[in-house]
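The structure appears right after this line, and notes come after that.
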Amino acid sequence: MKKKLVSIALALLVSLTACGSNSNQESSQADQSQAPVSDSQAESGDKVIKIGVSPVPHGEIAEAVKEEVAALGYSLDIVTFDDYVQPNKALDSGELDANYFQHKPYLDQFNEENKLNNVSIATVHIEPLGIYSDKYKSLSDLPDGAEIIIPNDVTNGARGLLLLEKNGLIKLDDPTNVNATEANITENPKNFKFVAMEAPSIPNQYKSADAAAINANYALGAGLQPVEDAIAIEDKDSPYANIIAVRSGEENSEKAQVLKKAFQSDKVKTFIEEKYKGAVVPAF
């Protein structure tokens, strides 16, 4: 009898142990089925748009666009750059889905010089380039031999020269040439001396010269108000509208279309008009 009881107890113990093992396996399988998918698994359903921007005003405008992008089913990851070189290289290498910091003449020039093929998908705003001076109140006050700082990249340097040409201070062989350099100056009656400098550094250096051509984003970042502080400024007809760029071949991707729709929304237009009051102008 005792042997029978022992045999029954052993059988029950083995049975319970087996059930426990199955239960643990089922629990483990359930946990695995509820675990988050890996990055590679989620890649095909990626809903994050990574965009490279300059801090002001591009970064501020991009922040204002986040809700518009979210309403279209995506989140916007904003990466800030302090120069005009890395955002295009980061886009080309695949580190970014898009960038927003430049105008098309600059993009075209950069593509040519660096053998890239990034393309514009939308215009967003114009940042009027201005001539600033800490010493003189008007262009007519600039003395003979005045030193004027201009950006050292071709397109933005040309903008400074074209603005001076439009105001009658110099003459260029072709006043429509968006790649004009000092070599294109045919008349310089006041013998201005031009100093080329990297655009981001000009706001910190312009007081050392008689005047300087400064991009509006860098002027704003340095606390200057383009409409109030510039002694000359581009008008709304400027061809230098800032754009959203993507890699060639991705112009019609869902991410590109989301960006275009969000950045060209009525909400963004109102934001630009109310925040910048003419220092940045919608271009759509």
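The values are calculated or read from the model by the stated rules, or taken from the named source; none is laboratory data. This structure is a prediction, so every number in the text was calculated from the model and none was measured. Counting neighbours? That spans all protein chains shown, and the Cβs are built from the backbone with ideal geometry, glycine included. Just so you know, the surface numbers come from the protein's heavy atoms only, side chains and all, with ligands and any DNA or RNA stripped out. Shrake-Rupley method; radii C 1.70, N 1.55, O 1.52, S 1.80 Å.
Per-structure values
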item	result
Residue within region 94-102 that is assigned to a helix (DSSP H, G or I), closer than 24 Å to Glu198 by Cα and of a type in the set (Gly, Ala, Ser) present	no
Filter result for the condition that a residue is more than 30 Å from Ser93 (Cβ to Cβ) and either modelled with pLDDT under 95 or polar (S, T, N, Q) (or both), over Pro189, Pro128, Pro105	Pro128
Residues being assigned to a helix (DSSP H, G or I) and open to solvent by less than 10 Å² (accessible area, probe 1.4 Å) - total across region 145-162	7
Pair list, Cβ under 7 Å, 6 or more apart: region 82-97 residue under 16 Å from Glu251 (Cα atoms), other residue polar (S, T, N, Q)	Asn88/Asn99; Asn88/Asn118; Leu91/Asn99; Leu91/Asn118; Asp92/Asn118
Only listed residue being more than 26 Å from the chain's Cα centre (by Cα) and modelled with pLDDT of 95 or more, chosen from Ser208, Ser201	Ser208
Subset of region 262-283 (residues that are loosely packed, with under 15 Cβ neighbours inside 10 Å and either free of Cβ contacts under 8 Å to residues at least 12 places away in the same chain or farther than 30 Å from Lys137 by Cα (or both))	Asp266, Lys267, Thr270, Glu273, Glu274
Top-ranked residue in region 49-61 [being farther than 19 Å from Ala219 by Cβ and not β-branched (Val, Ile, Thr); ranked as least open to solvent (accessible area, probe 1.4 Å)]	Gly52
Test: Ile214 is of a type in the set (A, V, I, L, M, F, W, C), over 24 Å from Phe81 (Cα atoms), in contact with a helix residue (DSSP H, G or I) (Cβ under 7 Å, 6 or more places away or on another chain) and touching a residue at least 40 places away in the same chain (Cβ under 8 Å)	no
Looking only at region 234-250, and only at residues there that are of a type outside the set (Val, Ile, Thr) and not in a loop (DSSP other than H, G, I, E, B), the one that is most open to solvent (accessible area, probe 1.4 Å)	Arg247
Single residue of region 251-281 satisfying the filter (outside any helix (DSSP H, G or I) and within 17 Å of the chain's Cα centre (by Cα)) that is nearest to Leu91 (Cα to Cα)	Glu251
